[in-house]
Each structure stands twice: as C-alpha cells, then as structure tokens.
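Peer 1: Input: one structure, supplied below.
The values are calculated or read from the model by the stated rules, or taken from the named source; none is laboratory data. On a predicted model such as this, the values are computed, not experimentally measured, just so you know. Reconstructed Cβ throughout: ideal geometry from the backbone, glycine too, with neighbour counts over all protein chains shown.
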Amino acid sequence: MQRLELLLGLLAAIVFFAAVGRRLKIADPIAFAIGGLILAVIPQVPDIQLPPDLVLLLFLPPLIYAASRHTSWAEVRQSVRILLFLAVGLVLVTMVGVALVVKLVSPEVPWAVAFALGAIVGPPDAVAATSIAGSMRLPRPVVRVLEGEGLFNDVTALVAFQIATGVIVAGKQFHLAEATGRFFYSGALAVVAGLFVGWLGHRVLFRLKNDTSEVTLTLLEPFAAYLIAEKFHASGVMAVLALAMYQSNVKRQAISSSARLLSGSMWEIVDFLLTGFSFILMGLQLPRAMEGLVEEKGTNILLITVVACLAVVLVRPAWIFGIGRLTRPLRPRNLDGTPTDGLTQPGLTVISWAGMRGVISLALALSLPETLPDGTPFPGRGMVIVVTFAVIAVTLVGQGMTLPILIRRLGIVSSGRTAALAEMNAQVRLAQTVLRRLDDLTESEQINGEALARVRTIFAERLETLERRCNKTGEDITPAGQVDEQTIDLLREMITLQLEELQEMRRTGEVDTPTALRLQRRLDISDRLRPGV
C-alpha cells in the first residue's frame, strides 16, 4: 500500500510542478528538478532509491525513443559535421577538460576517477534540450543541432565511462587502440540490433490490424532494441536511435492512421510522465548525494565542484566557437554566401549555452559500485556523485532558465513564414501525387467513375487553393501556428458546443453510445487538429 501511495503522490507532484512551471514559463525538466529539490527537504517524503541499472533501463529507452522517433536522416545528414564535433568531439574534450582541472586542484584524485567524472558530466541531456527548444520558436537549423546532439552524445559518454570504470575496477591499463575498437564495435553492433528490431517490428505491425495492439508493440520495441544491444555489450542508446530512425524514415508506414494518432497521444503521455519521474527523482536524491561530503574527508570537494562546473560551462562555447572559426572556410555555402546548414552566429551562441545535464549523468554517477572486487571502497565515489549533482543543478537551472532570455536578446525567434511556405509546398506536392494516381486509375474498371470524379474534384480544388496561396508574397503568408486568436477561439467554442449537444443527445437516448463515441472522437480529432493550435 505504501508503494502505491508513493506512486500516486509522485504522479500528483508531476502534475502540480508542471502546472506551476508552465504558469511561470519554466521548461518542464527544470520545474520537475526544482520540485524534487523542494520535496527532498520535507521530512515526510521518503528516500526513494532505485538501482542504477534499473534507472537506465526504465527511463532511457522510452525517453530516447520519444525524442528521436521523428528524426529525419536527411536532416541529420545536413548537420552531420557539427553533430560529430559536438556528439563526439565536445564530449571527449569536456571529459579531458574536467579531468585535468580536477587533477590540478586535487592531485590525490586518481586519473581514472577524474576521467570517469568527466565522462559522466560530458553529455548534455537530450530531454532537457528538446523540451526547452520545443518551447521556443527557434530556427529549424538550431533545433536540429540541439536535438541531434542530445541524442547521439550519450553513446560517446557511455563508452568513455565504461572504459574509465573498467580501469578502476579491474585495474587494467588504458589502451587507445582497444578503446577505439570498443567504441566502433559498440556503435556498429547497436545499429544492427536497432535495425533488426525495427525490421521485425515493421513486419509484425503489418499483420496485427488492431490499433491497440499496434500501439502496444511500438511501446515494447525500444526496450527490445536496448536489451538486445546491452546483451551483446553494445550501446543500448544507439540501438534505440537506430530503431527510431529506421521507423521514421521507412517509406511504407506499417500502422494505420488511427493507430498513429493513438500512438502519438500515448508517447506524449509516456514522455511527460517519465520526464517528470526522472527529474523529480533526481532532485530527491540530493540528500543522499550530500552524504559524500562526509565520506570524502581528505578531498577538497567544494573546490573540485566549482572548477568542474566552470569547466563544463566554459569548454562548450570555447569548443564551438574555436572549431567554428577553424572550419569556417570548409563550410559549404549557398550562392549568396550563407552556410548551407543554416547556422548563423546567433544560432551558434544559443547552441553554446544549451548545455544542460540531466538524467543520463545522474544514472551514470549512481551506477558506480560502492566497493571494488577486493572489498575496498570505490575511490572517490561520494565526490563524483556530489559533483555530478552540482553540475546538473548549475546547468539545468542556471543555463536552462537563462537560455530563453538569451534567445530573446539575440532575436533569433523564427517568425514561422518559412515553415508556413514549406508546409504549403509540401501540401502541393501531395495533392499533385494524388491527382497523378487518379489519372492512372481512370482506365481501371474496378473503380467507380463517380467516386473518381468526386475525389478528383476535392484534390483539384485543394491544389488550386494551395497554389494560389503559394503565389502570394511572403508578407501575405500567415505563418504556421499564427492563425488569429478570434478564429481559434470561435472554432474552439463551436467544437465545445457540439460536444455539449452530443452529450445531451446521448443522455436523453436520441443517439446510442457507439454512435455518440464515434462522433465524439471525430470532434476530438477536429479540436486537436484545428489551425493554429
């Protein structure tokens, strides 16, 4: 009963802190983390401890999948150079930088422990980055880089962490060739595992023909990919990424439109709840982490914490602008001289400040064993946990809460006109594809001529309207998501009116329950898809 009450209490806390955060215009992960810190100082709130490997298994596969299930390989290819610099280069540079400053201020810390700490705090959090990026209307190139970096850098950090802890636990010597081989082995095998699960799931989905079964399978797939990869000592995170990219880029969709709508709603809920659980639990772990202050008597932990936080915050802009300056002559450019990747100086400034750490750093820190195989305490474990918490707090609260201010100061919020025009051009392409297919079907004797004519009329009129709108000047195009408020309010009011009348008809028996539920679903979908919302 206590566990059930605790679970219900956490659910209530998630809803409460999300509501408060949105009222204060704070991104969900930041609101949840602050909420967890508040709960941690309340004596009545129990100390919640989850095994670190369970944290990785429960939270990482669905969170990574939810963040990457719409990732486009074409968009990744557009930013592949900067993604490699960030997801591989920056993580390794941050690891080395943190290790050097920690060793400089506290020489008694073993090199392997310093490198393990650097690997733990090296990767920015994918969930925090996508959440904050999604709440601001940033230009698409900036969002693309933030999302891509947050998804791919975990692989680099996990491999580096495993190598560092292997040196500590097993007493092995570090070999660059072995580490490089393990990195590529882990990535390649993980991609194979993810593609296999995606391929197999794709074929199973074609045969299910049931919305709830299809959606349930999509929930199981990321866990399957993660577990298979980990079974063969490969990167579970990379396997989930490969699975998500396979599914989002395969030409023929395996699930029906109704199942896709249901799946989208389900993944929104899963993403929201797991983000809430993970960041609140992170805040709740703070008192336990502070116990490390007592354990590490001979270590200047306060100084280590300060220099580690400074290194994490400062290395990122130094690397981004330093590499940017060195590679500027090599960047492909359009005829007008602008970079083809669409990244401007203000955009790079935003990327350099968006270095929030989160769940992956916490889970890695807590996964450190308490003792070595010979029974001696793991060197510096308490220090690593405390410093990791400090880095997460400084970056998540400090950078996360000031990032929106920086974005507004730089004035790089997207107006939406480019997105609106791109959307209309895509709709024109879709309508033209349908009309060409209808031309092919004209000769078929199996298709009713009247049905063909009606469908042709619908899409011909749609194409004419779209082409007329596309021919307007950019100033006349209404940006996506900026339909006037009166239209939105009126549409919402009319849908609500219909729902109320339908409920009254159902109450009085004028329509039966199945009919009422079908009509209610149509109205709910109309409300969800209304323009501008």
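Yes/no per residue for (1) modelled with pLDDT under 90; (2) touching a Lys or Arg at 6+ places or on another chain (Cβ under 8 Å); (3) among the β-branched types (Val, Ile, Thr):
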residue: LEU208; (1), (2), (3): yes, no, no
residue: PHE223; (1), (2), (3): no, no, no
residue: TYR226; (1), (2), (3): no, no, no
residue: HIS233; (1), (2), (3): yes, no, no
residue: ALA239; (1), (2), (3): no, no, no
residue: SER248; (1), (2), (3): yes, yes, no
residue: SER258; (1), (2), (3): yes, no, no
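Peer 1: Does LEU335 satisfy being outside any helix (DSSP H, G or I), at pLDDT below 85 and in the same structural domain as PRO51 (by TED's automatic domain parsing)?
Peer 2: When the stated conditions are applied, LEU335 does not pass them.
Peer 1: May I ask you to verify whether ILE42 is surrounded by 12 or more Cβ atoms within 10 Å (Cβ to Cβ) and β-branched (Val, Ile, Thr)?
Peer 2: The answer is no for ILE42.
Peer 1: Right, something else. Does region 216-225 hold any residues that are crowded, with 22+ Cβ neighbours inside 10 Å and either more than 12 Å from GLY198 (Cα to Cα) or not assigned by TED's automatic domain parsing to the domain that holds LEU60 (or both), and which are they?
Peer 2: Listed by number, the list is empty, since nothing qualifies.
Peer 1: May I pose another question? Is region 366-378 home to any residue that is modelled with pLDDT of 85 or more and under 23 Å from the mean Cα position of the chain (by Cα)?
Peer 2: No, because not a single residue in region 366-378 is modelled with pLDDT of 85 or more and under 23 Å from the mean Cα position of the chain (by Cα).
Condition check ((1) farther than 15 Å from ILE64 by Cα; (2) in contact (Cβ under 8 Å) with a residue 60 or more places away in the chain; (3) basic (Lys, Arg)) across all residues:
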residue: VAL191; (1), (2), (3): no, no, no
residue: VAL197; (1), (2), (3): yes, no, no
residue: VAL204; (1), (2), (3): yes, no, no
residue: VAL215; (1), (2), (3): yes, no, no
residue: GLU221; (1), (2), (3): no, yes, no
residue: LEU227; (1), (2), (3): no, yes, no
residue: MET238; (1), (2), (3): no, yes, no
residue: LEU243; (1), (2), (3): no, yes, no
residue: VAL250; (1), (2), (3): yes, no, no
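Peer 1: Only one of (1) among the β-branched types (Val, Ile, Thr); (2) within 13 Å of the chain's Cα centre (by Cα); (3) at pLDDT 80 or above fails for THR130. Which number is that?
Peer 2: THR130 satisfies every listed condition except (3).
Peer 1: Which residue out of VAL143, VAL169 is without any contact (Cβ under 8 Å) to a residue 40 or more places away in the chain, part of a helix (DSSP H, G or I) and of a type in the set (Val, Ile, Thr)?
Peer 2: Of VAL143, VAL169, the one residue that is without any contact (Cβ under 8 Å) to a residue 40 or more places away in the chain, part of a helix (DSSP H, G or I) and of a type in the set (Val, Ile, Thr) is VAL143.
Peer 1: Which of the helices (runs of 4 or more DSSP H) found entirely inside region 50-123 contain at least 3 residues meeting this: of a type in the set (A, V, I, L, M, F, W, C) and more than 25 Å from LEU366 (Cβ to Cβ)?
Peer 2: 73-78, 80-84
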